[in-house]
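Here the structure is laid out as structure tokens; the discussion comes afterwards.
All of the numbers you see were taken from the coordinates with simple rules; none came from a lab. Bear in mind that the values here come from a model prediction, so they are computed numbers and not experimental data. Cβ placement follows ideal geometry from the backbone for every residue including glycine, while neighbour counts extend to all protein chains displayed.
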Amino acid sequence: MITVPTAVTVRAPAKINLHLGVGAVGADGFHPLTTVYQAVGLCDDLTAHPADDLSVELATADWVDAGVIPTDASNLAHRAATLLGRHHGRELTGRLVVEKAIPVAGGLAGGSADAAAALVALDRLHDLRTSDDDLLRLAADLGSDVPFALIGGTALGTGRGELVDPVTDAGTWWWVLVPSLEGMSTPVVYAHFDRLFPDAPATPPGADELLDALRTGQPLSLARTLHNDLQDPAIDLRPELGLLIERGESEGALRGLVSGSGPTVVFLCESADHARDLAGALMRTGHPVVLVANGAVAGSHLVPSHV
Ligand code: ATP
């Protein structure tokens, strides 16, 4: 019997870094990291439709700047399709429709989410049955954050962030996310880290205290241990991020933190109600886009097709 493939939709989450320890840049130009990722409920949906060639289309939320996302072969979803095809010795086809809600260049790994979603969707569309280990290897080739976008949850990332291991997380954590209208380049923030911290240790700061806090499930414990070595460089480049953190904390956030290389600022709250109240307060101070999300949520997974 010949089965006709139908469209496949995969949902992939944004990540925030609860801990981002950065070591001195190595001879290969990369910084060794110890990071703790958490997948949060702000997701891109990627639908792979059967097609005769490979293409990418975008449908973006109001707050996502579609103009800065390529739809050619440099789109991370397109690159993922090419790499997966090469792994199987064939050219993969599909019309990839990406419904983007994750802000671009926001420190939330939105492009990585799309790459992970494309791997899973095309694997299913073409019934390739790629092993989990091979998917993780392909993901790591696509970018340091892509393996985590596959597994989701809360995980420790080492190496360049691409070596991921799930960790015990006893809480449901509520976050308010405040994206900036203009993104920040990750390499520029790392270069500024190098300028500000020429004596950074070779081994990045570990995350033991934060991992203990995750096991307690207590928001106040987690708030005390959130850590991001890229926060000072990001604020030095964009002082308004520091002011935003102060404002959110004065409005009652347990703690504000730059996410990854920025510029999105995330605020930890005590509960869903607290997060909604804080989001309202920040909107009243003039922030046009304020999002509420909880974590941890699942990594890239199939959902019913809807486009
Ligand atoms: P990270 O925290 O992993 O550095 P980020 O969230 O800061 O990621 P992304 O949204 O992943 O940044 O985008 C980084 C760059 O990648 C953008 O400048 C964009 O032009 C390019 N890009 C390529 N494909 C995509 C995609 N599918 N979605 C978003 N950006 C993409």
Computed over the chain, the ratio Rg/Rh where both radii use C-alpha atoms and Rh is Kirkwood
0.97
Per-residue [θ]222 nm for the chain (sum of -39500 (n - 2.57) over DSSP H runs n ≥ 4, rounded to 500)
-10000 deg cm²/dmol
Quick check on the stretch 134-223: what does the Kirkwood estimate of hydrodynamic radius come out to from the alpha carbon pairs, in Å?
15.7
By how many nm would the segment from THR71 to ALA191 grow when fully extended, if each residue of separation counts as 0.36 nm and the alpha-carbon distance is taken off?
40.4 nm
Need one number for the stretch 54-181: average projected area of the convex hull over its C-alpha atoms, nm².
8.6
Under 5 Å between amide H atoms, partner at least 5 residues away or on a different chain: which partners does ASN228 have, H built in plane at 1.01 Å?
LEU20
Using 7 Å Cα-to-Cβ label points, what is the THR203/ASP273 separation (nm, one decimal)?
4.5
ARG224: net charge of surrounding residues, Cβ under 15 Å, Lys/Arg +1, Asp/Glu -1, itself excluded?
-3
Angle check, please: helix 186-196 long axis (alpha carbons) against the longest principal axis of the chain (alpha carbons), in degrees 0 to 90, nearest 10.
30
Note the angle between two axes, namely the Cα long axis of helix 76-87 and the longest principal axis of the Cα atoms of the chain, as a number of degrees from 0 to 90, rounded to the nearest 10.
50
Length gained when the stretch LEU181-ASP28 is fully extended (0.36 nm per residue, less Cα-Cα span):
51.8 nm
For the chain, take the longest principal axis of its alpha carbons; what is the angle in degrees between that and the long axis of helix 110-125, to the nearest 10 within 0 to 90?
30
For the pair THR172 and ALA59, the simple spin-label estimate (label points 7 Å beyond Cα toward Cβ) gives in nm 2.9
Once both label points are put 7 Å beyond Cα along the C-beta direction, the LEU243-SER305 separation in nm becomes 4.9
11 Å beta-carbon shell around ASP123, net charge (K/R +1, D/E -1):
-1
Per-pair calculated FRET efficiency, R0 = 30 Å: ASP212 and THR285 via Cβ, rounded to 0.05:
0.30
Through the Karplus equation 6.51 cos²θ - 1.76 cosθ + 1.60, θ set to phi - 60°, convert the phi angles of the stretch 235-248 into ³J(HN,Hα) values in whole Hz; use x for Gly and Pro.
6, 4, 7, 9, x, 5, 5, x, 5, 5, 4, 4, 5, x
Per the C-alpha gyration tensor (a ≥ b ≥ c, the square roots of its eigenvalues), the stretch 188-298 is rounded if a/c is under 1.5, else prolate if a/b beats b/c, else oblate; here it's oblate
Filter the GluC sites (Glu not before Pro) in the stretch 85-183 down to the DSSP loop ones having no more than 13 other Cβ atoms within 10 Å, then list what survives.
GLU91, GLU182
Relative contact order (%) - the chain, alpha-carbon pairs under 8 angstrom, separation at least six:
27
Order by protection proxy (mean Cβ within 10 Å, highest first), peptides 173-180, 235-242, 294-301
173-180, 294-301, 235-242
